[in-house]
2 protein chains.
Amino acid sequence: MLTSEVKAKLMDVVGVDNVEDDQASLLAYSYDSTPGFQAMPNAVVSPRDKYEVAAIVNICNEYQIPIVPRGSGTNLCGGTTPLEGGIVLIFKHMNQVLELDEENLTITVQPGVYTKTILDAALEVGLFYPPDPGSMHISQIGGNISENSGGLRGLKYGVTRDYVLGLEIVLPNGEIIRTGGKLAKDVAGYDLTRLYVGAEGTLGVITEATLKLIPKPETKKTMLALYHDLEAAATTVSAIIANQIIPATLEFLDQPTVRVVEDFAKIGLPTEAAAVLLIEQDGPQEVVARDIQRITQLCRENGAFELSVAKSDKEAEQLTEARRSALSALSRLMPTTILEDATVPRSEIANMVNAITEIAHKYNVNICTFGHAGDGNLHPTCLTDARNTEEMERVEQAFEEIFARAVELGGTITGEHGVGVMKLPYLHMKVGEAGIEAMRSIKKALDPHYIMNPGKMFTKSSRERVVIHK
Amino acid sequence: MLTSEVKAKLMDVVGVDNVEDDQASLLAYSYDSTPGFQAMPNAVVSPRDKYEVAAIVNICNEYQIPIVPRGSGTNLCGGTTPLEGGIVLIFKHMNQVLELDEENLTITVQPGVYTKTILDAALEVGLFYPPDPGSMHISQIGGNISENSGGLRGLKYGVTRDYVLGLEIVLPNGEIIRTGGKLAKDVAGYDLTRLYVGAEGTLGVITEATLKLIPKPETKKTMLALYHDLEAAATTVSAIIANQIIPATLEFLDQPTVRVVEDFAKIGLPTEAAAVLLIEQDGPQEVVARDIQRITQLCRENGAFELSVAKSDKEAEQLTEARRSALSALSRLMPTTILEDATVPRSEIANMVNAITEIAHKYNVNICTFGHAGDGNLHPTCLTDARNTEEMERVEQAFEEIFARAVELGGTITGEHGVGVMKLPYLHMKVGEAGIEAMRSIKKALDPHYIMNPGKMFTKSSRERVVIHK
């Protein structure tokens with residue numbers, strides 16, 4: 001609980017209405033989209049501008065109170081769970097698009113703006129904001145930046161990081177800095193912009209962002225390729241890239257996922273296929289036509305038994321939306337859905353998919369796999385029940401083995417979901433103890449009182465034991 | 001001078017032949033391509049692998065000896081001048097392309113590989129490495145990464161940072177870490193990869209890099225547009241981008257630069273024009289044709305009095321090479337050439353070019369301007385004589401005003417050259433004292449003994465006086 005002294009100070013800053021500590025509010029912000037993690041904050045605070053954010057940070061520094069900045073809480077790594085209590089910072093008052101600059105192809109936004117709003121604003125003037133995390137309809141850009149969110153278009157267009165040109169940040173010491181700008185090139189000092197992208201709110205609070213937009217692709221085409229086995233689909237992915245075609249989207253769904261999605265979306269998806277590739281190319285008309293033709297050929301050569309190109313925008317939209325619904329669809333089946341994102345070099349997709357199947361079998365757990373095959377970013381998804389502790393232990397073991405295998409194949413423990421608290425026990429697999437120690441020293445340098453989203457990414461001290469969540 | 005004890009220890013690590021401390025060697029590494037900065041190192045050391053680098057770092061930590069990692073020394077910010085003596089680390093033994101992976105579109109290299117070698121290796125298999133700093137024929141990739149080098153293709157393809165997927169780094173504490181990988185997506189912890197890109201060798205030694213390659217553009221076209229005044233050329237640049245065309249290259253040269261380049265290259269450049277745009281588009285045949293047509297129209301609408309498209313690859317190559325020769329050509333005119341890189345949002349190009357002209361006039365100094373207009377990255381270049389101290393003072397004042405103006409216009413003090421020692425006095429203009437303090441705390445956290453390229457980017461302590469170089 002906050003002392004009445006602290007509460008009064010916070011209310012002085014943001015106004016009485018913007019400090020909530022009733023049970024219902026605290027409960028609402030005690031968890032995010034990650035199953036299995038919950039902790040109560042002491043208050044939910046809604047600042048109205050950067051100065052208020054700075055004032056809150058100063059109070060929290062003085063009283064050593066944790067601050068957890070949070071968007072819509074759509075993350076899947078427990079990144080915004082207030083593990084050590086303290087204040088959850090929300091941005092309902094800082095949700096404006098500040099400027100759309102058509103001359104410099106940039107958009108400047110506050111952290112509480114929905115990702116979809118940014119895309120829509122861009123599309124309205126013929127521009128495009130490519131990053132499209134699965135939750136983009138409700139996710140906020142502040143969260144996207146803090147998690148360096150990916151999405152379906154990552155292969156061709158990159159991730160959130162590639163579109164952040166400048167940030168306004170309230171540092172853990174209460175100072176306000178601006179990094180970057182409407183600049184294609186800027187090498188004035190360390191790249192703080194990219195350090196803060198993906199820092200998961202552990203290094204400060206982002207209060208404004210200038211994002212890069214690109215011209216809207218002229219046209220796009222969407223197609224499905226069906227396979228009798230996983231390996232042929234995976235091989236096709238490698239073949240497309242090796243033939244130097246970079247599709248806008250190159251998604252993989254295994255049979256269990258396709259069945260569940262079809263049951264949910266009812267758009268006539270081919271439930272008889274062992275694996276499906278959903279492929280989209282965008283760009284100039286001629287190029288799209290040529291690429292789709294070459295992709296069709298490569299799919300055939302690599303064993304697709306059926307190919308279909310969407311005949312209308314509506315049909316294409318249905319396919320993409322069906323893919324986007326995969327998590328929701330899978331979530332209906334069992335009480336607990338654990339969506340992971342082990343990621344490997346593209347050439348290892350087939351090996352990784354096989355490894356996941358084997359590991360699921362070994363531990364007798366139910367894992368469906370889908371994901372962004374084109375960039376090696378797979379989402380093995382476990383359907384389970386958190387109340388079944390015996391099964392959950394097997395699930396943990398299976399995932400640990402999946403992460404280890406991904407790293408062995410030159411991959412990583414998380415491609416786009418972040419470390420948060422969920423992957424914390426596994427970070428050393430990817431970056432090593434020396435890598436964690438380097439990160440820890442940066443954290444300590446910028447946030448000596450450890451107030452910013454504590455308990456995330458790595459433990460405070462190297463002496464702390466890493467306990468795997470059970 | 002190194003003590004005989006330290007020298008013996010270094011020789012133990014790298015062998016007798018790889019520690020040089022004769023006067024000729026020390027002199028050769030006492031300066032880089034930046035006029036006005038020189039300082040003698042105590043030794044030049046050539047490690048043969050990462051373990052030797054780590055051993056050297058450990059020795060230097062023990063004896064508090066500065067280490068300056070250096071490629072070909074083509075930087076223009078005094079970034080590799082051994083200001084505080086110590087060891088210059090060169091990579092003549094670590095100059096191999098380790099792997100070209102056509103399936104994952106990556107190339108893995110040691111730091112001593114020439115940039116041009118990487119491009120050539122990629123082209124040979126139909127792939128492309130876009131970053132093309134002016135010095136790419138002789139610059140080394142380790143230096144490019146440490147400076148986050150830009151180039152002529154930055155507008156469309158980005159800079160070195162956008163192509164670094166993974167690094168092997170010897171940290172200042174002697175630990176060896178690996179970051180990233182052959183991965184389009186990786187959010188396992190802080191983005192150390194991008195923190196080290198552009199860190200100017202102040203945070204450790206890069207011993208290996210995995211770079212992203214892209215499919216080679218199918219074709220390209222090169223054209224010139226001539227203008228009677230600077231402003232019309234600058235307005236054209238804005239118009240092209242605002243019309244959502246992103247050319248591969250969009251270079252600006254003012255009349256003095258064109259005259260000098262023509263005198264140097266003798267290819268029939270139009271010396272009667274007040275300003276010239278050199279424009280290149282690449283990509284699929286149909287797209288390039290269409291874009292060049294639209295660009296031609298936009299140039300005309302914005303006041304170009306003559307337009308010409310290169311008729312052959314050879315002619316196109318000549319034009320690009322002529323532009324690349326600008327610095328060499330200008331350097332012949334006066335004893336000292338100071339090439340700067342104030343950078344602004346694209347929409348401010350015209351304002352910035354006008355400001356440079358005014359400021360040059362005000363301080364009565366000779367400044368030619370050329371540069372990467374498409375990304376707002378201008379190179380105001382002063383032809384002067386370092387021995388004329390009175391003039392040099394005016395030059396300093398003029399550049400300080402140019403930097404201030406660039407920042408006022410939403411720009412930065414350096415777009416692609418880096419801070420090094422040359423821009424150190426100006427860094428606060430862009431990032432503020434709080435920004436410098438944040439960077440300083442990161443430096444201190446990772447390099448507590450301050451051995452890595454000391455005296456660069458910012459002063460060691462905030463209490464140190466910043467002295468402007470005279």
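The values are calculated or read from the model by the stated rules, or taken from the named source; none is laboratory data. Given the structure is predicted, the values throughout are model-derived calculations rather than measurements. Here the Cβ is made from the backbone with ideal geometry for all residues, glycine too, and neighbour counts use every protein chain on show. Please note that ligands, DNA and RNA were not included when accessible areas were found on the heavy atoms of the full protein model with its side chains. Shrake-Rupley method; radii C 1.70, N 1.55, O 1.52, S 1.80 Å.
Of interest is the spacing of the C-alpha centroids, which for region A:392-428 and region A:326-370 amounts to 12 Å. Over region B:219-328, the fraction of Cα-Cα pairs per 5 Å bin, rounded to whole percents and listed from the shortest bin up, is 2, 13, 25, 25, 20, 11, 3, 0.
Considering only DSSP beta bridges where both residues belong to region A:4-89, give the percentage that are antiparallel (nearest 5). Intermediate values should be presented prior to the final figure.
Details: 2 of 8 bridges.
Of all bridge pairs located within region A:4-89, approximately 25 percent are antiparallel.
Shown for A:Ala242: label points 7 Å from Cα along the beta-carbon vector, and their distances to the equivalent points in the other copies, 4.8 nm in ascending order.
Using a 7 Å projection from Cα along Cα-to-Cβ, the label point at B:Val309 is separated from the same position in the remaining copies by 2.7 nm, smallest value first.
With all protein chains in place and ligands, DNA and RNA left out, the 1.4 Å accessible area ranks B:Arg405, B:Arg153 as B:Arg405, B:Arg153, largest first. For the modelled label position 7 Å from the Cα of A:Gln64 along Cα-to-Cβ, which residues of region A:402-429 have backbone nitrogen atoms closer than 13 Å? No residue passes the distance filter.
When nucleic acids and ligands are ignored and a 1.4 Å probe is applied, B:Lys444 ends up with an accessible area of around 150 Å². Using a 7 Å projection from Cα along Cα-to-Cβ, the label point at A:Glu99 is separated from the same position in the remaining copies by 4.5 nm, smallest value first.
For chain A, which whole-number percentage of the solvent-accessible area (1.4 Å probe, protein heavy atoms only) is attributable to carbon and sulfur atoms? The value for chain A is 49 percent carbon and sulfur by accessible area. When B:His428, B:His379 are compared by accessible area at a 1.4 angstrom probe, the order from most to least is B:His428, B:His379. Distance between the pseudo-spin-label points of B:Val309 and A:Gln285 (7 Å out from Cα toward the beta carbon): 1.8 nm. Scaled against 2.2 N^0.38 Å for its residue count N, the alpha carbon radius of gyration of region A:1-140 is 1.16. In this structure the amide hydrogen of A:Gly166, modeled in the peptide plane, comes within under 5 Å of the amide hydrogens of A:Gly181, A:Thr210, none closer than 5 places in sequence on its chain. Under the combined filter of DSSP loop state and at most 15 neighbouring Cβ atoms within 10 Å, region A:264-300 retains these trypsin sites (Lys or Arg not before Pro): A:Lys266.
Express in % the proportion of alpha carbon pairs of region A:244-283 at distances exceeding 12 Å. Each step should come with its number before you reach the end.
On the way: 461 of 780 pairs.
Of all Cα-Cα pairs in region A:244-283, 59 percent lie more than 12 Å apart.
Net length available on complete extension from B:Arg332 to B:Asp263 is 23.8 nm, with 0.36 nm assigned per residue and the Cα-Cα distance removed.
Its convex hull of Cα atoms gives chain B a direction-averaged projected area, equal to a quarter of the hull surface, of 21.9 nm².
Under the Kirkwood approximation for Rh and a Cα-based Rg, what ratio Rg/Rh is obtained for the protein assembly as shown? The partial results should precede the final answer.
Working: Rg = 27.6 Å, Rh = 28.7 Å.
Result: Rg/Rh = 0.96.
Among the protein heavy atoms, those of A:Val113 account for about 0 Å² of accessible surface (1.4 Å probe, every chain in place).
Placing pseudo-labels 7 Å out from each Cα toward the beta carbon at B:Leu123 and A:Arg387 gives an inter-label distance of 6.7 nm.
Note on the protein assembly as shown: antiparallel DSSP beta bridges, both residues inside, total approximately 90 percent of the bridges counted. For region A:82-146, the calculated P(r), taken from all Cα-Cα distances in 5 Å bins from zero up to the bin holding the longest distance, is 4, 17, 26, 22, 15, 7, 4, 3, 2, 0 percent. For the set A:Lys314, B:Lys221, solvent exposure ranked by accessible area (probe 1.4 Å, protein chains only) runs largest to smallest as A:Lys314, B:Lys221.
For the interface of chains A and B, what total accessible area is buried with a 1.4 Å probe, rounded to the nearest 100 Å²?
Details: alone 19840 and 19850 Å², together 33500 Å².
Heavy-atom accessible area buried at this interface is about 6200 Å².
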